[in-house]
Each structure stands twice: as C-alpha cells, then as structure tokens.
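Bear in mind these aren't lab numbers, they're just calculated from the coordinates by the rules spelled out. What you are looking at is a predicted structure, and each value in this text was computed from that prediction instead of being measured. When we count neighbours, we look across all protein chains shown, and the Cβ atoms used for this are built from the backbone with ideal geometry, even at glycine.
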Amino acid sequence: MRTLIISAVALLAFLLVPLFVQSPYALHIFILLFMAVALGESWNVIGGYAGQYSVGHSAWYGLGAYGAFILLQRNATPPWFGVWVAVAVAVVVALAVGWITFRLRGPYFVLASIAVAEIIRLLALNWKDLTNGAEGILASDIPPLKLGETVITDWNSKTPYYYMGLLLAVFCIAVNLVVKRSKLGYYLQAIREDQDAAHSLGIPLTLCKNAALGISAALTALAGSFAALYIGFIEPQAVFGIDISIQLLLTCIIGGIGTITGPLFGAIVLVLLSEALRSSLAQAHLLVYGVLVIAVILTMPDGIVGFVVQRMRRKAGTQ
Amino acid sequence: MVLIQSVLGGVLIGGVYALIGIGLTLIFGVMRVINFAQGELVMVGMYVTFFLFQLLGVDPFLSVVLTMPALFLLGALLQRTLINQVLDALPQNQILLTIGIGLVLSNLAMLAFTSDYRILSTSYSSSSVALGAIRLSTPLIYCFLITAAITAALYWFLVKTDTGHAIRATAQDRDAAQLMGVNVRNMGILAFGMGSALAGAAGALVAPIYYIYPQVGGAFTLKAFVVVVLGGMGSIIGATLGGVLIGVAESVSGTYFGSGWKDVCVYVIFLLVLLLKPSGLLGKSRV
C-alpha cells in the first residue's frame, strides 16, 4: 500500500514537472532518464528475471529505430503508427533468434547474442536501398499528433517528448510488474536460479525464455524508436553498435537485476553521472559505465538496490 | 588464381587472429574466465607501437620485444588486482567485469589520444612481394613470420618447461594441480600476463596494417571469440587452426561477396559452429 501511494505521488509530481520547469536542458535530462529507465526495464525482463545475459539488445533497439524511420521517410507513416510495425518486426526476428540461440548457455549465449546484433548491424550497413547505409536517415517532417481535428502537439518543444518518455517508462515498469507476478515470471526466476532443476520440474525452458525475449525485444524496440525520434538521426553504428547493448545492460546490472527498482536507480545514477561529467569526458562518457560496473561487481554483486536491501535487512536483524 | 591469392592473404592475416585467440584461450583454459577485454589489450598494443614509432622511430615489427613485456605487466596487474577477486563468482559477473575493464581501457585511450584515426606508415607499408602471378603485401608477410615464431616459442614453453607444465596442469585440473604443489594463483597471473602479451604482440603486428583508434578493440574481441569457439575453448592448437580458418573465410568471402559482407560470413560461421558443434573442432565438450 505504501509503495502504491509513493508511486502515485511520484507519478503526479512527474506529470506536473513541465508546468513548472521551463528549462529545455532540465527537460532533456528528464527525457534521458525516462529512456534509460525504459531500456533498463526492457533488458530486465530477459536478463533480470530469466538470467539470460543478452549483450545484443542493440539489435531490437536498432530495429525499432529503423522500422519507424524507414516508414516515416518512405510512406510518411506517423511514427506512433509505424513503431508498431517496427515492434512486430523486432519480435519476429527476436523469436527466430531465440529459437536458435536459447539452446546455448552461459557465456555461449552471450557470444551468440553479440554475433546476432553484429550481423544485423552489418545488414543495415550494407542494405543501402533500404537503410541508406552508413549515411543514415534523418527524421524529417514528423507529422503533428492530432486527435480528430485538434492538434495536440507538433513536436517542436521538449514537452511532448517529456510526456511520451514518461508514458514509455511507466509502461515498461508496468510490464515488468505484470511479468514478475505472473506464472511466467516465476518460471523465469526458477530458470535463472537453476535451469536444470526448473527443467526437471516440467518448466518449458525454451518457450519461457522465448516469451521473455519477445517481451523484452518489443519494449526495447519501442524505447529505441522513441530515442531515435528524439535524437532525430540514425545510422547503423549509433543504433546497432555494441555500445547501446552495453549501456542498457549496465543500467540494469548497476542498479540490481531482477527487481523493479534496480533499473530505476541504475538509470538515475548513470544519467546524472554521465551528464555531470559530460564536459570533461566528452566522447569518453562510457568511462563512467566501465568504472561503475567494475566497482559494482567487486563490491556489491547484487547491484545498488540489492546492496541497500541487504544492509537494511542486516540492520533490522541486529535490532 | 584469384582464389589462391585470397586464400594466401587470408592465411597471413589469420596468423594474427590466431595470436589473439591463443591469448584468449590460454586465459580461459587456466582460469575459466572469458576475457571480453582481449581486443582492448590489442588496441593498447597498437598505441604503444604507434608512439614508439612516432617518438623514438622504433620499427613496428621490432617493437614487439617492447610491447609484449609492457602488456604482460598490464595483464598481470589486471589479474592480480581485479580478475582474481571474481574467480569463484558467477560466469556472468566475470564477463561483466572484463567488459568493464574493456570500457575503461578504450575510453581512457579516447581521453588520452582523442578518437582520431591514426595511421602508422613505414617505408615498406605499401610494398609487396610477387610469387608468380600472386602478390602478397610485405608487412603482412613479416607479420605472419613473426606470428609463427611467437606461436612456436609459446608451444615450446608450454610443452618443454616446468612452468609450462604447471600452466597446463592448472588448466587441466585446478585442484589436482594445487595438490601437486603448483601455485595456481601465480599460474593465473602468469596466464593472464601471457594472454595480454600475445594480444600486445598482435597489436604491434597489425599497427602498420589497420587504422589505430580507441574503439578498434571491439572488432578484435569478437574475432578472437570466433577463432576460439571454432577451435574449441581452451585448445591452443584449435585456436591456431581457427585463426587461420577465419582469416581464409574472411578473405575469400571478401573477394567473392564484397568487403562489406565478409564479417557477416564470419559471424554466420560462428553461429553455425555454436549450434552444430559447440565444443569446436578440437575441443572437449564443456557446454
């Protein structure tokens, strides 16, 4: 109950922010935060609950981005319709890939996931007729969002992106909540803890992992297309590169996997630190991720949230 | 003729992939840790070579004798301070730690040297040797000869010396080796140092051939995985063979499908090997 009230208050506060905050930079930070939360929660479904460490999620991120951009550019399809086609494509490809790679375990699955993302990146780079190759695509003329005849927004300020980002982050958190408490969620956590034991209890391994990957890929594609539209430009390395996979994986790891709050905290820490150090690090902003993940693995392998929870339990125990 | 030309070219560059792969497989064999920072160590080797050449005029191929010890120290240090702490942790956490190390190395390089592409050009950079109708680039030939020498020396070390025996014993059975009085902790440091030194050597050897920039490592890491999985995780002969095979596959597919597609072929082969024979060509099944 208390969590519910806190969440409701926080959501209301976030809804009101753009009414009081005018600075585009502040809104920009919030949007980055929402994207990081959405992406971290997306990875959490497959990496956190099922324990399948995909380092190839840039594949779904990029498919979402390219799908929305190609439809926008070719057919002038508004992105909020086009993105669902992109999500469908990402899910179909993810299921095909999952069907092949989920027989692999541990490090072999990690390697296969990287290889798949690389193959898709190279396809995007070489299939110039469809993707415009290394030159990339510019998002031009995003049509205004209309309800009936009233124009809701023409996407010229940061505020519409703010609300879209908030909606996306809340949606990804909600999906996580549903998955975590569903039968599927318990199956996935059983697989994470001991795959062989789960199998012997009759849990269909490949089916569960594929369901988790499908959900995760759909959310990642959704977040990827939003991020790409916000930035306004895509090219293969920027959306399919391994940097993206590592960023969304580490958001989850640093915060703590398999929890709802983990990716939230991971996103806050990483976005704020990266922004604070942006001027001094410039292109080397992933240094923050590297240093943090080393520190987290060595000192708090369950992530920040896991570490804090453990501390609190120990404190409660001694009292 | 074109086929022979591209096969030979593939064998030559495959030697370098083998060198990086052998380093990776050595580390995996002794410690069961997959080093995702292997390519970044190659990158460090490339920069060391570049600056030795730029500032002191040391020939890139001669600089191997300096980059190898330098990278050995870096690797041993990483092992002692960081990797040693996660030897008993979950494999995922070991992977994440090495990913973190790789990120730190490449981003530090970016801070120190900017993301500019650098080129190391020597007097013989663009020369080639003709064998009948076949022309092979001179730096690539030097590169292959030195690779072969280093690999041979490594075999000799592992097969003939006591320390080499101890390393192989640790790789075969950590506990048994420890009971026989082998200091497995030191063997780990030695193995990581040697693996890094091999990456450094590879970096020195490819410095005159590739562009040098902070993110060049990622491509080498991936290729090293392909080589090692193809040969069989932990098998040094397998990695040697895998390196040459991947070099040839890349070169031949580049010739016939265009250079944009050669890496696609390499990764498709990789996935096929993972699925059909995950223990690799010469490895024992550990999956």
**OP:** Identify, among B:LEU52, B:ALA219, B:SER115, the residue whose Cα sits farthest towards the positive end of the charge dipole of chain B, taking +1 on the Cβ of Lys and Arg and -1 on the Cβ of Asp and Glu, with the dipole about the Cα centre.
**Re:** B:ALA219
**OP:** Please name which of A:ILE231, A:ALA217, A:GLY266 has its Cα lying farthest along the dipole of region A:23-318 towards the positive end, using unit charges on Cβ (Lys, Arg +1; Asp, Glu -1) and the Cα centre as origin.
**Re:** A:GLY266
Original post:
Along its principal axes, what span do the Cα atoms of region A:249-291 show, with the longest given first and each in whole Å?
Top reply: 33, 15, 11
Original post:
Counting other Cβ atoms within 10 Å, which chymotrypsin sites (Phe, Trp or Tyr not before Pro) in region A:80-163 have at most 12 and lie in a DSSP loop?
Top reply: none
**OP:** Could you pull out every residue, at least 5 positions away or on a different chain, whose amide H is within less than 5 Å of the one on A:PHE233? Hs are placed 1.01 Å off N in the peptide plane, and Pro or chain starts have none.
**Re:** A:ALA139
Original post:
Which whole number gives the average, over all residues in B:100-110, of C-beta atoms from other chains lying within 10 Å of the residue C-beta?
Top reply: 6
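Take the residue pairs A:LYS128/B:LYS262; A:LYS209/B:LYS262; A:LYS128/B:LYS223 and return only those whose Cα atoms are more than 27 Å apart. Don't skip to the answer; put the middle values down first.
On the way: A:LYS128/B:LYS262 16 Å; A:LYS209/B:LYS262 31 Å; A:LYS128/B:LYS223 25 Å.
Violating the 27 Å Cα-Cα cut-off are A:LYS209/B:LYS262.
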**OP:** Compute the semi-axes of the equivalent ellipsoid of region B:37-170, taking the square root of 5 times each eigenvalue of the Cα gyration tensor, and list them largest first in whole Å.
**Re:** 31, 23, 14
Original post:
If you count, for every residue in B:221-234, the Cβ atoms of partner chains within 10 Å of its Cβ, what is the mean?
Top reply: 2
Subject >> Mean-position separation - Cα centroids, region A:50-85 and region A:242-319, in angstrom >> reply: 26
Subject >> Relative counts (whole %) of C-alpha pair distances in the protein assembly as shown, using bins that are 20 Å wide >> reply: 19, 52, 26, 3, 0
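About the Cα centre of chain B, what is the dipole size in debye to 20, counting +1 per Lys and Arg Cβ and -1 per Asp and Glu Cβ, all else neutral? Walk me through the intermediate numbers first.
Working: 13 positive and 9 negative charges, 73 e Å.
Here the size comes out at about 360 debye.
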Subject >> For region A:23-318: span of alpha carbons on each principal axis (Å, largest first) >> reply: 59, 43, 40
Original post:
All other residues with a Cβ under 15 Å from the Cβ of A:LEU95 taken together, and with Lys, Arg as +1 and Asp, Glu as -1, what is their net charge?
Top reply: +2
Original post:
Suppose every K and R has +1 on its Cβ and every D and E has -1 on its Cβ; what is the size of the dipole of the protein assembly as shown about the Cα centre, in Debye to the nearest 20?
Top reply: 1120
**OP:** Jot down the radius of gyration and Dmax of region A:1-112, Cα atoms only, both in angstrom.
**Re:** 18.2, 52
**OP:** Can you check how the C-alpha radius of gyration of region B:2-276 compares to 2.2 N^0.38 Å, as a plain ratio?
**Re:** 0.98
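Other chains near B:57-69: what is the mean number of their Cβ atoms within 10 Å of each residue's Cβ?
On the way: counts 0, 0, 0, 0, 0, 0, 0, 0, 0, 0, 0, 0, 0.
Mean number of neighbouring Cβ atoms from other chains: 0.
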Original post:
Mind checking which of A:VAL296, A:VAL83, A:VAL55 has the largest fluctuation in a GNM of chain A, springs on alpha carbons under 10 Å?
Top reply: A:VAL296
Original post:
What are the extents of the Cα atoms of region A:176-238 along their three principal axes, listed from largest to smallest and rounded to whole Å?
Top reply: 48, 24, 16
**OP:** Using the Cα centre as the reference, give the magnitude of the dipole from point charges on the C-beta atoms of region A:23-318 (Lys, Arg: +1; Asp, Glu: -1; all else neutral), rounded to the nearest 20 debye.
**Re:** 820
**OP:** Compare the peptides B:165-172, B:221-228, B:255-262, A:10-17 by average per-residue count of other Cβ atoms within 10 angstrom and give them in order, highest first.
**Re:** B:221-228, B:165-172, B:255-262, A:10-17
**OP:** Normalise the Debye intensity by I(0) for region B:117-260, one equal point scatterer per Cα, no solvent, then take log10 at q = 0.10, 0.17 Å⁻¹ and round to two decimals.
**Re:** -0.46, -1.13
Subject >> Projected label distance in nm at B:PHE51 and B:SER121, using a 7 Å step from Cα toward the beta-carbon >> reply: 2.4
Original post:
How many angstrom lie between the C-alpha centres of region B:9-61 and region A:181-223?
Top reply: 38
Subject >> Residues in region A:135-178 that a label on A:VAL85 would reach, taking backbone N under 20 Å of a point 7 Å out along Cα→Cβ >> reply: A:136-146
**OP:** Can you find, among A:LEU111, A:ALA86, A:THR150, the residue farthest towards the positive end of the dipole of region A:65-151? Put +1 on the C-beta of Lys and Arg, -1 on that of Asp and Glu.
**Re:** A:LEU111
Subject >> Separation of alpha-carbon centers, region B:106-152 and region B:258-275, rounded to whole Å >> reply: 24
